[in-house]
Amino acid sequence: MKVGIIGAGQVGAACLLSLVMRGCAREIVLINRDRDRAKGVVTDVQYGAALSPAVDVREGDYGDLAGAEVVMITAGVNEKAGGATDRSDKSGRLRLLETNAGIYEEIVPQITAAAAESIILVVTDPPDPLADVARLLGHKRVLSTGTSLDTLRFRFHLARRLKVHPAYVEAQVLGEHGLSSVFLWSSARIAGNAVLDALAEPGKSAEEIREEIEHEVRYANITIIEGIGASQYGIGMVSARLTEMVLRDERAVIPISSYIPKYGVTLSLPSVIGRVGPLQVIEPEMSGEERAALERSAETLRKAVSQVQFSGAQRKTA
């Protein structure tokens with residue numbers, strides 16, 4: 001089982017380390033424009049990889065992606081470098097789209113030439129519209145990490161207030177991995193009980209609790225960046241787990257982004273993930289408010305994708 005990673009920055013290195021620790025790939029190829037950086041990351045990781053299940057970790061070029069089942073793209077300008085760390089900025093991660101779409105225009109055709117049947121997993125921010133960029137550039141199988149990490153953050157913050165392990169909280173975030181993400185409070189449960197009922201706190205309304213948690217989740221990336229400069233470890237672990245689901249044909253069900261014809265854009269809905277990517281998309285029951293919010297999230301993403309300008313004649317029809 002072979003995996004490629006494009007980009008040896010902080011996120012790419014975290015994805016590589018997480019893949020090695022999970023032991024889900026037999027071969028991992030790390031590609032970076034500065035090949036010496038990729039070589040340095042690989043050299044560092046490969047010594048510790050001796051403690052993990054057998055894996056061949058190496059740096060390479062696009063031709064070395066031949067036979068890869070999943071190719072992660074982590075390359076691009078991050079939130080700190082791209083000026084997307086202002087909590088009052090309504091653009092959020094979408095501010096990075098134009099710059100990173102240009103980088104993808106260079107990268108994606110090279111992936112397709114070497115590994116046309118691979119699944120591209122978009123990790124670069126903003127991942128959802130960049131997945132559409134990869135698709136419009138002609139790659140057939142494209143996923144975005146989407147709201148997989150947002151869902152884990154949501155469960156974590158709920159669990160911390162409930163004083164339980166996050167694995168025992170049922171809750172999902174859908175739509176955009178960004179400011180228009182949709183929190184499904186109507187179906188959030190702990191031991192079969194509505195989470196908002198269980199979260200009741202003296203002196204605080206349910207709406208106040210809800211707003212506090214949503215704020216913690218929506219701006220978790222900025223909080224992390226303010227501390228260490230880049231949001232990398234959580235997304236690295238999530239990306240490795242999603243890759244593992246594909247490689248092992250797990251049929252796992254998780255909120256993840258793929259192109260949804262109904263909405264005309266790539267966004268996150270619970271999906272059954274196997275060897276070829278999403279085998280089934282499951283749209284959950286939602287309140288009227290949540291469904292309207294999902295429609296708004298889709299519109300936000302459609303508008304963002306429609307404004308992407310390609311420098312060449314590479315854009316394919318949807």
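Laid out as a table, the results:
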quantity	calculated
Alpha-carbon centroids, region 241-275 and region 70-140: separation in whole Å	17
Most mobile of Q110, Q307, Q232 in a GNM of the chain (Cα contacts under 10 Å)	Q307
Cα gyration tensor category, rounded, prolate or oblate, for region 167-220 with a/c compared to 1.5	oblate
Net charge, R241 excluded, C-beta distance under 11 Å - Lys, Arg +1, Asp, Glu -1	0
Degrees, to the nearest 10: 206-218 long Cα axis against longest axis of the chain	10
Proximal lysines relative to K140, as straight alpha-carbon distance under 19 Å, when same-chain residues fewer than 8 apart are discounted	K2, K262, K316
Vicinal HN-Hα couplings computed from phi for region 147-161 (Karplus, 6.51 cos²θ - 1.76 cosθ + 1.60; Hz; Gly/Pro x)	9, 4, 6, 4, 5, 5, 5, 4, 4, 4, 5, 5, 5, 5, 6
Neighbourhood charge, 12 Å Cβ-Cβ cut-off, centred on A66 and excluding it, Lys, Arg +1 and Asp, Glu -1	-4
Dipole magnitude (debye, nearest 20) for the chain, charges at Cβ of Lys, Arg, Asp, Glu	420
Neighbour-count ranking [beta-carbon atoms within 10 angstrom, fewest first] of R161, R241	R161, R241
By average C-beta atoms within 10 angstrom, highest first, the peptides 272-280, 9-17	9-17, 272-280
Residue among N78, T124, G102 farthest towards the positive dipole end of region 62-134, charges placed on Cβ	N78
Helix axis angle, 97-114 relative to the chain longest principal axis, alpha carbon, degrees	50
Local net charge near I119, Cβ-Cβ under 11 Å (Lys/Arg +1, Asp/Glu -1)	+1
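Each reported figure results from applying straightforward, stated rules to the coordinates on display, with no laboratory input. Note that the coordinates shown come from a computational prediction; the quantities given were computed from them, not determined experimentally. No Cβ is skipped: glycine too gets one built from the backbone with ideal geometry, and neighbour counts run over all protein chains shown.
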